[in-house]
Structure formats: structure tokens, C-alpha cells
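Here's the structure we're looking at; comments come further down.
The values are calculated or read from the model by the stated rules, or taken from the named source; none is laboratory data. If you're wondering where the values come from, they're calculated on a predicted model, not measured in any experiment. Cβ: placed from backbone, ideal geometry, glycine included. Neighbour counts: every protein chain shown. Surface accessibility is based on the protein's heavy atoms, side chains included, excluding ligands, DNA and RNA. Shrake-Rupley method; radii C 1.70, N 1.55, O 1.52, S 1.80 Å.
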Amino acid sequence: MGKRNQYGLIGKNIAYSFSRQYFTKRFSQKGDTQSTYENFDLNDISEFTRILADNPNLKGLNVTIPYKESIIPYLDEVSTKALKIGAVNTIKISKKGKLKGYNTDYYGFFKSLKPLLKNKPDKALILGTGGASKAIYYALQELKIETQFVSRNPEEGVLSYEQLTPAIFHSHLLVVNTTPLGTYPLVDQKPDLDYSLFTDKHLAYDLTYNPEVSAFLTEAQNRGAQIKNGLEMLELQAEKSWKIWNKLALS
């Protein structure tokens, strides 16, 4: 028989994940012996229904790469903001078993970035086009920062790394890496940028938090850029998830 309050994370290759450690520590600090947080590592999103069936005490879930978009058809309802973003990273499970999706990535990124914008850049580059990038795009729209997507696979509205000219790079002073490149254990990986284009006017933000300073951030910092990793964003979005699960806030 499971614990009274069960929470968890669904994703792929998530043994490294921040969430389980964060919430387990949180439960311990609060003296909460009735709650657990588990990783559910899925090879395919179709396995999600089995997770629900095998864990009837689930109250809430976080969603990470690569399922932030593909989870949506499995939900009974999606918040207005998550619908606009097009990605879900938090699921609330009602007493009747209904699933509602939210996006707290947007909130975490917005709140962690805003204090760094003393001189707000006019334009930003978003590296990657996955589910995480959608929340970043939405937050930058809210901040009225013009955005340009960059990917290994260019398409309409998306530049390839090879198409990033010095002029484009120097006019986009915020560069946000939303790809998993550089995440432990593959710490030497990084987006295929010309890192010599970074200057002391740039702000480099990496959603990666493990390692603390990714290869992407190291390269940017070596050229004088201000850097920020994704740990604070994750902490903020995790607390927002907790409030949603426990009816302390709506999003």
C-alpha cells in the first residue's frame, strides 16, 4: 500500500533529476512523513497510463524532457496559460482522478531572470525548440523582449547555428540555452555556437543546473558575459508546483 500523498517526476533518463532530491528534503524539513516523491523514467509517453494505474495515491506530477508537449493529450484539462505556451511541466491529480496540466517553468524563468535585467536587452536568442523553449518564449514575450529561435534543424522562423552572423549575435544580448546539452554526465557538450561572439554586454542563461557552470556558461563567462544557471528557476517552479498541488495558488 502506498503513502497517503505520492508525488513524482516523469521524464526519460532522469536519475540525475533535481526534483526528487528537492522535494524529499522539503518533506523532511517540514516533518512530513506522509509524502513521497519518486522518479518515473519512461521510455515512451505511452507508459504514462501504467504509472497512473500502478500508483493510485498520486496527487501531483512534474514533467520533464522529452514529454512536456506529448503529455498534453493524456490530460483532462490544461490551464489557460499552459495552453498558450503549448507545454506542461506540472500535473495536478484531483480526488476523482482528473488530470489538469499547468506550466510553472514560465513562472520560474520569469522570476529568476527579471532581477538581472537592469538594462533590459531588446532581443534574445533561444537555443532549442523543445518543450522548455516554449515557456521561455512566453516569458520573454511578457517582458517585451524580441526573440529568435536557433536550432540544429532550421525551419521557418528558426535559424541554424551556421546562420548566426556576428551582426545577429551582437544585437541579441540575451542568449538562453533550453537544450539539455551539457547536462551531467555529458558535461563537455554544448550548443554549436561561435562562442567568440560573446561580449561583456551579453547575458547567458542556461536551463541546465548540473553542473553548476555548464560548458555553455563557461565559454560565455570566459568572454566576459554575465551568466546564470537554471537552479533558481527550478526551485521557483517547484514551489509553484507545490502550491498548485495543495490549492495554495492557481496558475
Worksheet item: Checking residue 38 against (1) assigned to a strand (DSSP E or B); (2) open to solvent by 40 Å² or more (accessible area, probe 1.4 Å); (3) in contact (Cβ under 8 Å) with a residue 40 or more places away in the chain, which single condition isn't satisfied?
Response: (3)
Discussion item. Cβ-Cβ distance below 6 Å, separation of 6 or more or different chains: which pairs start in the stretch 175-201 with a residue that is within 12 Å of residue 216 (Cβ to Cβ) and end on one that is open to solvent by 20 Å² or more (accessible area, probe 1.4 Å) and of a type in the set (D, E, K, R)?
Written reply: 181/190; 182/190; 195/219; 198/223
Practice prompt. Go through the stretch 41-52 residue by residue and tally those that are crowded, with 16+ Cβ neighbours inside 10 Å and either under 19 Å from the mean Cα position of the chain (by Cα) or part of a loop (DSSP other than H, G, I, E, B) (or both).
Written response: 2
Worksheet item: When you go through (1) within 20 Å of the chain's Cα centre (by Cα); (2) closer than 21 Å to residue 99 by Cβ; (3) open to solvent by 70 Å² or more (accessible area, probe 1.4 Å) one by one for residue 4, which number turns out not to apply?
Response: (1)
Worksheet item: Take the residues of the stretch 202-236 that are among the polar types (S, T, N, Q) and modelled with pLDDT of 95 or more: which is surrounded by the most Cβ atoms within 10 Å (Cβ to Cβ)?
Response: 214
Discussion item. I want to confirm something. Restricting to the stretch 53-81 and keeping residues that are assigned to a loop (DSSP other than H, G, I, E, B) and of a type in the set (A, V, I, L, M), which single residue is least open to solvent (accessible area, probe 1.4 Å)?
Written reply: 71
Fill in: Test: residue 150 is closer than 21 Å to residue 40 by Cβ and not charged (D, E, K, R)
no
Discussion item. For the stretch 85-112, which positions are within 28 Å of residue 183 (Cα to Cα), without any contact (Cβ under 8 Å) to a residue 60 or more places away in the chain and assigned to a loop (DSSP other than H, G, I, E, B)?
Written reply: 86, 87, 88
Item to complete: Under 8 Å between Cβ atoms, at least 6 apart or on separate chains: pull out the pairs that start in the stretch 55-84 with a residue that is at negative phi and end on any residue that is surrounded by fewer than 16 Cβ atoms within 10 Å (Cβ to Cβ) and of a type in the set (Gly, Ala, Ser).
Response: 55/2; 56/2; 57/2; 65/130; 66/130; 68/130; 69/130
Worksheet item: Taking the stretch 113-126 as the search range and keeping residues that are touching an Asp or Glu at 6+ places or on another chain (Cβ under 9 Å) and either assigned to a strand (DSSP E or B) or of a type in the set (Phe, Trp, Tyr) (or both), which one is nearest to residue 179 (Cα to Cα)?
Response: 124
Fill in: Members of the stretch 5-35 found to be part of a loop (DSSP other than H, G, I, E, B), under 23 Å from residue 246 (Cβ atoms) and small (Gly, Ala, Ser), listed by number
17, 31
Discussion item. Being out of contact with any His (no Cβ under 9 Å at 6 or more places or on another chain) and open to solvent by 90 Å² or more (accessible area, probe 1.4 Å) is the filter here; which residues of the stretch 116-140 pass it?
Written reply: 118, 119, 120
